[in-house]
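Notes for the one structure printed next.
Read the figures in this text as sums done on the coordinates, not as results from a lab. For clarity, every value in this text was computed on a predicted model and none was experimentally measured. Using ideal geometry, Cβ is built from the backbone for each residue, glycine included, and neighbour counts are taken over all protein chains shown.
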Amino acid sequence: MNINHHIKQLKEKYGNILYLFFPIIIILIAFNYIILNNYLLIGDYKDILSVYEPSVFLASNPLSLWNNLWLSGMPEISNIMSDRLYPLSFPIYFIFNNIYAVNIVVILHIIIAYFAMYNLSTLITKNKEITLLTSLIYVFSGLMLSRVFAGHIFFVFAYAWIPLIYYYFAKILYLKENTIKNYIIITLLNCLLLAMGNVYSLILTYLLIAIFILYYIITTKKIIKYISVLLIPTLLSTLIMGIKVIPSINFSENVIRIDNINVLEGGGSLENNFASLILGTPIDVNSAFWFPESCALIGIVCIIFAIIGLVFGKKEIAVPSIIAVFFSLVWADGGNNLLWAIHYLPVLDNLRCPGRIFGALLPLILVIAIYGIKILYNLPKDISKLKLSKEQKFNLKLIIGGLILIKLLELPYQTVPNATSVISLLLVIIFIALLYLEKVSEKVLKYYLISTLTINLIILIIFNSGMILDIIPVFIVITLITIITLTYINKNNLNLGLKNQYIAILLISFLVISMTTLTYISPANKIVEMNPNLENSPANEIAEKIIEMGSDNSQIWAYTNGWEYYHQDFNYILMKNGIHTVRGHYPYVLKSSLPAGINIGNVTYYTADYIIDTAYLDNGNQNIHDYTFKIENISVYKPEEVLPNAFVIRGDNIISSKTTTFSPDKIIIEGDFKSGDVAILKTAYYDGWKVNGQDAAPTGNMVASILNSDTKIVEFKFDPNDVKFGIIVSIIGIISLILLIFRRKNVDDYLNKL
């Protein structure tokens, strides 16, 4: 009986049960080459490996606080970018302990993104075809699939959940469902984004939500009510995730970027922003950031429908939406707008790549586009042209004024625009002009949609002609299945009346978008980057030789001298073999990372047991002349004087000792140690290390402490106070959440009184 009840609920929400399985089938078909070839990664292996490699360590040590295999050591519990606490990634990595498990995780999130966008769409319309097609446009958008292609998996994770954050905020703001249930769900969604290590997307999403909240505060004067809407889930999620948030505060003060952040670099202009949305071109063609950083690509049809939604929508929906869109366009300008100073506001000054704002904006644009379609559906049948009421004229003038203002703010930085950006802007401006002149009739709208969609298609084919040919078989299958499914589910779609014409145009728009974005993940498109060739990497044989030769240390360290970004296979394979990588590519590294060599007395000790000449793969030169062995012409040097993993110094000499315990969080050495000796652990210094119960101090960037008594044993233990404090805060947060659940009726009554 319960099963039948749930099936009935699913049918009410999704219509025919095929709606549940159809998008999953379409997504699996799109990613068929990944599913059928288990040696390929779903995106650029360099970016995937750079965020996955720490998980190699965690798969063996899931409860550790310190990552003693990664970049001279790293406080894993404090790392804000770690997805260790995210239930939909790390547990899967842990189970499979294989890099290709990333593919399962990413495809899972593409499917989640569809259903999340579908839920958001249901706030506007009950038309299943519109919600289905718009949700497919979201998951097949340039925003989503270009990120998949780039291997930016944390962004894919975030984009899967962001529509649901908007969904539950909208239920509170518009449907007046001011219930603790909705706050709790928003809280849990916030926790998911924090757990996956994507504070970036969370901040940008809340910037746009804050615009809506601020608008309602100004227009209604109900300050406490709307501030509580923002603060309750924010405070709750911060408390629950205290185990990550509290240590991360300390972490942020102890790390540096591997490259300098220029928050203004990579911005575009008004015309470039529209080109990104309509044609998927980057907003700054001269930027160091490549196209996935600002590729949105939802096509002209969605933009036209969104404009209708913004102009003809209710004031309480349209006006804050217009402001949010304009804020996003200004933000995406980066340093090419006189309002560039907003990028230097506290917290925001860490958010580089201005085009990333489209990740937070796109679900809003799509739901506004659905709103526009609904408005067209509800127009009286006898209306000949779209006439503007006083309120609608205000909305349109606000849009026109905003566009003019943005362009004026950009003029001091204006460069010669390219053809695609000019065309994109013209397509938008012409439609706005037709609305302003009240020249848009049913016929004009239909022909404008068809003609602009044709232009959109032609330009996309021209710029992707070589790659599109390679995805035609997959594209044809997706097209046929989509059309057959829609026709089978609702035979009325065969009758192309006014309303079904909009569905047909939306369908064609989806096919245009999917045809283009499929090239991002096509095996023909940079197949080499999608295949890390781990099984053929020389790192395998080098790792085997290193293990065979061994070391006097409990843990073998290896130092690679090439550009780490292009040699992620070495980091991955070395770590899989338990070899510590002194260097690697990661967005943030500890300020206290260790150098290649350290002087003690008159002796220079290497920090690494082996030096690997990966630079040979970059420049073809033999950069290490005194090598110990070579594999595939890559020199490897084993120094004679290597710093022990843990040791004690007396004067200028290292005292003989024996390591009896070696784990990520605890190392014990035994020997004849005297008061005044200095005990040192060869790892990057970080707050929280203790030596025989005393707080350690940094010495040569390493963990050290002066022994205050004679002893036979020295214990190094990572026991950070911020983690303990974070656990206490999380417990408080979880208890608070449980109390709210049990007292939800009382809390709901209180919230409604607000």
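Tell me which of Ile713, Gly700, Phe742 sits at the most positive position along the dipole axis of segment 664-754, charges placed on C-beta atoms (Lys, Arg +1; Asp, Glu -1).
Farthest along the dipole direction, towards plus: Phe742.
D for segment 646-719, whole µm²/s, Stokes-Einstein with Kirkwood Rh over alpha-carbon pairs at 25 °C and 0.890 mPa s: what number?
Rounded, D is 207 µm²/s.
Going by a ≥ b ≥ c, the root eigenvalues of the Cα gyration tensor, does segment 534-637 fall in the rounded group (a/c under 1.5), the prolate group (a/b larger than b/c) or the oblate group?
Note, shape of segment 534-637 comes out rounded.
Along its principal axes, what span do the Cα atoms of the chain show, with the longest given first and each in whole Å?
Over the chain, Cα extents along the principal axes are 97, 65, 61 Å.
What size of dipole, in debye to the nearest 20, comes out for the chain about its Cα centre when the only charges are +1 on Lys and Arg C-beta atoms and -1 on Asp and Glu C-beta atoms?
4340
Run through segment 608-712 and list the trypsin sites (Lys or Arg not before Pro) located in a DSSP loop whose Cβ has at most 13 other Cβ atoms within 10 Å.
When the trypsin sites (Lys or Arg not before Pro) of segment 608-712 are filtered for loop state and at most 13 Cβ neighbours within 10 Å, Lys674 remain.
For Glu316 and Lys443, FRET efficiency with R0 = 35 Å and r from the beta-carbon atoms, rounded to 0.05?
Efficiency, rounded to the nearest 0.05: 0.65.
Membrane-span-like helices in the chain: DSSP H runs reaching 24 Å or more (Cα, own axis), mean Kyte hydropathy at least 1.6?
101-121, 153-173, 199-220, 223-240, 315-332, 357-377, 419-436, 472-489, 721-742
So in segment 534-637, what percent of DSSP beta bridges are antiparallel if you round to the nearest 5?
For segment 534-637, the DSSP antiparallel bridge percentage is about 65.
Please go through the residue pairs Lys381/Lys439; Lys171/Lys397; Lys397/Lys446; Lys545/Lys576; Lys171/Lys446 and name each one whose alpha carbons sit more than 22 Å apart in this structure.
Long pairs (Cα-Cα over 22 Å): Lys171/Lys397; Lys397/Lys446; Lys171/Lys446.
What residues qualify as long-range amide H neighbours of Asp333, i.e. H under 5 Å apart, gap of 5 or more or another chain, H built at 1.01 Å from N?
Excluding prolines and chain starts, which carry no amide H, the hits are Gly268.
Local charge sum around Lys407 (other residues, Cβ-Cβ under 14 Å, Lys/Arg +1, Asp/Glu -1)?
Here the count lands on -3.
Using a cut-off of under 11 Å, list every residue of segment 668-702 whose amide N is near the label point 7 Å from the Cα of Asn708 along the Cα-to-beta-carbon line.
Under 11 Å, as judged by backbone N against the label point of Asn708, lie 693-695 of segment 668-702.
Counting other Cβ atoms within 10 Å of each Cβ, which chymotrypsin sites (Phe, Trp or Tyr not before Pro) in segment 198-306 have at most 16 and sit in a DSSP loop?
Passing both the DSSP loop test and the Cβ count: Trp290.
Need the C-alpha centroid separation for segment 599-616 versus segment 679-753, integer Å.
Comparing the Cα centres of segment 599-616 and segment 679-753, I get a distance of 33 Å.
Could you pull out every one of the aspartates and glutamates with an alpha carbon less than 12 Å from that of Lys630, ignoring same-chain neighbours closer than 8 positions?
Filter leaves Glu541, Asp613.
Work out how much length Leu480 to Tyr174 would gain on full extension: take 0.36 nm times their residue separation and subtract the Cα-Cα distance, in nm to one decimal.
Going from the current span to full extension adds 106.4 nm.
Under 12 Å from the Cα of Lys181, which aspartates and glutamates turn up, not counting those fewer than eight places away in the same chain?
Within the straight-line limit of under 12 Å, Lys181 reaches these aspartates and glutamates: Asp748.
Amide H of Val255: which non-local residues (sequence gap of 5 or more, or other chain) have their own amide H closer than 5 Å, using H built in the peptide plane?
Lys591
Among Leu435, Ile232, Ala210, pick out the residue whose Cα is farthest towards the positive end of the charge dipole of the chain, where Lys and Arg carry +1 and Asp and Glu carry -1 on C-beta, about the Cα centre.
Positive-most Cα among the choices belongs to Leu435.
If you count, for each residue, the other Cβ atoms within 10 Å and average over each peptide, how do 334-342, 715-723, 512-520 line up from highest to lowest?
The most tightly packed comes first, giving 512-520, 715-723, 334-342.
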